[in-house]
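Notes follow the structure.
The values are calculated or read from the model by the stated rules, or taken from the named source; none is laboratory data. Nothing here was measured: the structure is a model prediction, and the numbers come from that model. No Cβ is skipped: glycine too gets one built from the backbone with ideal geometry, and neighbour counts run over all protein chains shown.
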Amino acid sequence: MLEYHAPMSPLFESIVRSWVAIGVGIAAISNYLIINKLWKRKHLKDVAESISISAALLGLFTAVPLLIQAVYIDQTPLPALKTSIGIITGVMFVMIGAGMWVKGNHEIPFRRLMLRALRLERRESGDLVKTMLQPKGAEQIIEILELMARLDRHIHESEIALLK
């Protein structure tokens, strides 16, 4: 595949390289802080169940080819380092999310813990969408909107239908 690279000024290239290096450092600190917060609570079942293993696995699935590209094709160490940090964080999410450190799970094989966590996540996968589409108090919201529509003393059935 042919790629076109527009010429860059040395100053702009230097700024971008510095920005990338700072970004890698910030990513390392940020991921450390996320894992550190979870690490203290990794033995709690609710904490383990709050982590989306599916999201972590999808992140790992997309990060591995990016790491391979950065290391072997582009030979860019900073993007490779940033991707490696993400992979380490993703692996930690999977291990914590599977419940490896939850009391009573120590004797259960990791594969079984993962399958159990994925089944739980599958059952819960529609909760957010359902909550957004059917919010609590929806009837009250419709009544308020209907009252607002009546302010002009003229409301059509089509307006009520639209509100609902």
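Structure notes:
- Qualifying residue in the range 130-148 (condition: under 30 Å from ARG41 (Cα atoms), in a helix (DSSP H, G or I), hydrophobic (A, V, I, L, M, F, W, C) and under 17 Å from the mean Cα position of the chain (by Cα)): no
- Elements of type helices (runs of 4 or more DSSP H) in the range 19-108, at least 2 residues being of a type in the set (D, E, K, R): 45-49
- Within the range 138-164, tally of residues that are closer than 30 Å to SER52 by Cβ and modelled with pLDDT of 70 or more: 1
Yes/no matrix, rows are residues, columns are (1) surrounded by fewer than 13 Cβ atoms within 10 Å (Cβ to Cβ); (2) within 27 Å of ALA21 (Cα to Cα); (3) touching a residue at least 24 places away in the same chain (Cβ under 8 Å):
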| position | (1), (2), (3) |
| --- | --- |
| LYS40 | yes, no, no |
| LYS45 | yes, no, yes |
| ILE51 | no, no, yes |
| LEU58 | yes, yes, no |
| PHE61 | yes, yes, no |
| GLN69 | no, yes, no |
| TYR72 | yes, yes, no |
| LEU81 | no, yes, yes |
| THR89 | no, yes, yes |
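- Qualifying residue in the range 45-67 (condition: basic (Lys, Arg) and closer than 21 Å to LEU118 by Cβ): yes
- Each residue in the range 97-149 was checked for being of a type in the set (Asp, Glu), without any contact (Cβ under 8 Å) to a residue 40 or more places away in the chain and closer than 26 Å to TRP39 by Cβ, and 2 pass.
- First in the range 12-29 and more than 19 Å from ILE87 (Cα to Cα) and in the same structural domain as ILE87 (by TED's automatic domain parsing), second anywhere and among the aliphatic types (A, V, I, L, M) and surrounded by 12 or more Cβ atoms within 10 Å (Cβ to Cβ), Cβ under 9 Å, 6 or more apart: ARG17/LEU78
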